[in-house]
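Chemist: Supplied in structure tokens, the structure appears directly below.
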Amino acid sequence: MNYYQHSRPEVLALVQTPPTKVLDIGCGAGIFSASVKQKFNAEVWGIEMSPEAAQQATTRIHKVLNGAFDEVALELPDGYFDCIFFNDVLEHMTAPEEALRAIRLKLAPGGKVYASIPNFLFAENIIRLFKTKDWVYTDSGILDRTHFRFFTRKSILRFFEENKYQVEVCQPLNAINSTKWRIMGWLTAGYTADFLPMQYGIVATSCL
């Protein structure tokens, strides 16, 4: 169950405006959701596909819907949430653009969408591909076998913009920080910057 137990403090740090009503899509066992609830004294809902993880989440937050997003979306009130999270979730969806468009109906006026999205260009992933000349799916990480989509910084920004969201923040998360890579960044005038983050943290608002 470790896959469902992440606390994600680096994502929580992206939230600068205290929310009152929160939806965490792919909430797992509710560890992160509970931290949002505690920090902001917010009403927190979650959506989780795993029955076992969803059951754990019910002990930590206000309401949990068990199922895929498109299966339970109609149970969500329209215009209700001022904060919606996709923590390493969009890449698991076969049609993430449809989810991003659908969730707009659930946002309160001025509400924000927060997302953590793996970076395919992460240096350790690219180096592994070059060394092995092979694409091997794993149980977690960039090449998680349950990923349907793969993103880079540029494609993340394009993905949100094409679906009528304005990206306010695109923050590197869990990035490599070593002298070697800092020197490479200096020598390449910043070209290697997109290879350092394991994920990107996004804060976006609807343009509609």
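The values are calculated or read from the model by the stated rules, or taken from the named source; none is laboratory data. Predicted, not measured: the structure shown is a model, and the values here were computed from it. Neighbour counts run over all protein chains shown; Cβ positions are idealised from the backbone, glycine included.
Chemist: Residues to consider are THR17, THR58; find the one that is of a type in the set (Ser, Thr, Tyr), more than 18 Å from PRO118 (Cβ to Cβ) and modelled with pLDDT under 95.
Modeler: Values: THR58 fails: modelled with pLDDT under 95.
Answer to the selection: THR17.
Chemist: Test each condition in (1) touching a residue at least 40 places away in the same chain (Cβ under 8 Å); (2) under 27 Å from GLN16 (Cβ atoms) for LYS63 and report the one that comes out false.
Modeler: Condition (1) is where LYS63 drops out.
Chemist: Let me ask something additional. Restricting to the stretch 1-24, and then to whatever is in contact with a helix residue (DSSP H, G or I) (Cβ under 7 Å, 6 or more places away or on another chain) and within 20 Å of PRO109 (Cβ to Cβ), can you tell me which residue is surrounded by the most Cβ atoms within 10 Å (Cβ to Cβ)?
Modeler: Looking at the filtered set, the residue picked out is LEU23.
Chemist: Looking at THR17, is it among the β-branched types (Val, Ile, Thr), free of Cβ contacts under 8 Å to residues at least 60 places away in the same chain, over 26 Å from PHE148 (Cβ atoms) and part of a loop (DSSP other than H, G, I, E, B)? Give the steps one after another, and end with the answer.
Modeler: Details: among the β-branched types (Val, Ile, Thr): yes; free of Cβ contacts under 8 Å to residues at least 60 places away in the same chain: no; over 26 Å from PHE148 (Cβ atoms): yes; part of a loop (DSSP other than H, G, I, E, B): yes.
No: the conditions fail for THR17.
Chemist: Something else now. Does GLU168 fit the bill of being closer than 28 Å to ARG104 by Cβ and out of contact with any helix residue (DSSP H, G or I) (no Cβ under 9 Å at 6 or more places or on another chain)?
Modeler: Numbers: closer than 28 Å to ARG104 by Cβ: yes; out of contact with any helix residue (DSSP H, G or I) (no Cβ under 9 Å at 6 or more places or on another chain): yes.
When the stated conditions are applied, GLU168 passes them.
Chemist: Residues being touching a residue at least 60 places away in the same chain (Cβ under 8 Å), under 23 Å from TYR191 (Cα atoms) and within 17 Å of the chain's Cα centre (by Cα): count how many of those fall in the stretch 121-145.
Modeler: Residues flagged as touching a residue at least 60 places away in the same chain (Cβ under 8 Å), under 23 Å from TYR191 (Cα atoms) and within 17 Å of the chain's Cα centre (by Cα) within the stretch 121-145 amount to 2.
Chemist: A further question follows. Among LEU173, LEU107, which is in contact with a Pro (Cβ under 7 Å, 6 or more places away or on another chain) and touching a residue at least 60 places away in the same chain (Cβ under 8 Å)?
Modeler: That would be LEU173, the only listed residue that is in contact with a Pro (Cβ under 7 Å, 6 or more places away or on another chain) and touching a residue at least 60 places away in the same chain (Cβ under 8 Å).
Chemist: Which one is farthest from the chain's Cα centre (by Cα) among residues in the stretch 175-208 that are modelled with pLDDT of 95 or more and part of a loop (DSSP other than H, G, I, E, B)?
Modeler: Result: LEU196.
Chemist: For the stretch 68-81, indicate whether the set of residues that are in contact with a Ser or Thr (Cβ under 6 Å, 6 or more places away or on another chain) and at pLDDT 95 or above is non-empty. Even if it seems obvious, please write down each step before you answer.
Modeler: Narrowing the stretch 68-81 to residues in contact with a Ser or Thr (Cβ under 6 Å, 6 or more places away or on another chain): none.
No, the stretch 68-81 contains no residue that is in contact with a Ser or Thr (Cβ under 6 Å, 6 or more places away or on another chain) and at pLDDT 95 or above.
Chemist: How many residues are within 28 Å of SER7 (Cβ to Cβ), part of a strand (DSSP E or B) and not charged (D, E, K, R) when one looks only at the stretch 104-138?
Modeler: Going through the stretch 104-138 one residue at a time, the tally reaches 12.
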